[in-house]
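Below is one structure, written out as structure tokens; the observations come after it.
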Amino acid sequence: MRLDKYVCEKYPELSRNKVQEMIQQGYILVNQENKKANYQLKESDDVQVTMMEDKYLALTPYPLPLDVRYEDKDVIVINKEKNIVVHPSATSREITLVHGLMHHCKDLSTINGVYRPGIVHRIDKDTTGLLIVAKNDNAHRHLSEQLSNKQVNRVYYALVHGVIENDFGTIDAPIGRDPNDRQKMCITAKNSKEAITHFKVVERFKNYTLVECRLETGRTHQIRVHMQYIKHPIVGDQKYSYRKTLNTNGQMLHAHTLHFIHPTTNEIVAVYAELPEYFKTLLEELRHE
């Protein structure tokens, strides 16, 4: 099926002309790349649709206190705080990490369109930790290829409900959009993609477990959905966890480690970000229960 026809069927509120305009301006991507409206979709293609923003959401650089953990002429690695969105969307007017990146440096890749400059991958608003940003299109393509080929080592720390008995394990369960809630993902065989998470127990508490999770794939909400699937949802997760939980003021999920191949030098770049103070404080409280 043609790309424009497919998007029109998925979003009946959009006219064909509107969809074609969005494709031309980079709001609709296939496998993170710009394609023409008549591109013939394949079954494995990943179509990303970003609704065109209202004029009030013009991307103006904004000074944010960025925690830069690595930077050169090709790449920036940011240690993201919680409660900040990575890039703008049609439903949000708030200042995002992209606004801060545009203030921090003038050069960012353009592959992901005008509202996601530099963004190679993303982490959720309430997730803290490391995020790779590309400063030019060559670096972006190189890093995206590494993600697709599972060459980027991404390690997260998560505090989950319950005591996990096994010291380690692998969750291999496909993830797709929840048919009952478009804001959520779920384990499903229909319209889903392969999702694999490896976990290792770091520390056990009376009613909770600290786990280290390594992503083999990078699906939306992957760790959150997978931990819910094995009955150990992440503490403080408002979408996938229990209503009554510890007073965390956010979900206890942190992107701790990134290893990737530098797009120019081909050397391994290893970046780490320690747990945030509120995360450490909660762990200390659990140790003394």
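The values are calculated or read from the model by the stated rules, or taken from the named source; none is laboratory data. Given the structure is predicted, the values throughout are model-derived calculations rather than measurements. With ideal geometry, Cβ positions are generated from the backbone for all residues, glycine too; neighbour counts draw on all protein chains shown.
The lone criterion from (1) assigned to a loop (DSSP other than H, G, I, E, B); (2) buried (at least 19 other Cβ atoms within 10 Å of the Cβ); (3) in contact with a strand residue (DSSP E or B) (Cβ under 7 Å, 6 or more places away or on another chain); (4) not hydroxyl-bearing (Ser, Thr, Tyr) left unmet by residue 64 is number (3).
Restricting attention to segment 32-45, the residues that are within 23 Å of the chain's Cα centre (by Cα) and in contact (Cβ under 8 Å) with a residue 24 or more places away in the chain add up to 4. The residue that is nearest to residue 140 (Cα to Cα), among those in segment 11-31 that are of a type in the set (Ser, Thr, Tyr) and within 26 Å of the chain's Cα centre (by Cα), is 27.
Considering segment 234-247, and only residues there that are crowded, with 17+ Cβ neighbours inside 10 Å and more than 29 Å from residue 32 (Cβ to Cβ), the residue that is modelled with the lowest pLDDT turns out to be 245.
Restricting segment 248-273 to residues that are surrounded by fewer than 17 Cβ atoms within 10 Å (Cβ to Cβ) and of a type outside the set (Val, Ile, Thr) leaves a set whose member that is nearest to residue 183 (Cα to Cα) is 249. Scanning for something assigned by TED's automatic domain parsing to the domain that holds residue 165, touching a Cys at 6+ places or on another chain (Cβ under 7 Å) and surrounded by 14 or more Cβ atoms within 10 Å (Cβ to Cβ), does segment 210-231 turn up at least one residue? Yes: segment 210-231 contains one or more residues that are assigned by TED's automatic domain parsing to the domain that holds residue 165, touching a Cys at 6+ places or on another chain (Cβ under 7 Å) and surrounded by 14 or more Cβ atoms within 10 Å (Cβ to Cβ). Being more than 19 Å from residue 116 (Cα to Cα) and of a type in the set (Asp, Glu) is the filter here, so list the residues in segment 1-37 that pass it. Residues satisfying the conditions are 4, 9, 13.
Conditions tested, residue by residue: (1) surrounded by fewer than 21 Cβ atoms within 10 Å (Cβ to Cβ); (2) touching a Leu at 6+ places or on another chain (Cβ under 6 Å).
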site	(1), (2)
107	yes, no
112	no, no
122	yes, no
136	yes, no
148	yes, no
158	no, yes
192	yes, no
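Quick check: anything in segment 186-206 of a type in the set (Ser, Thr, Tyr) and farther than 29 Å from residue 270 by Cα? The answer is yes; a qualifying residue exists.
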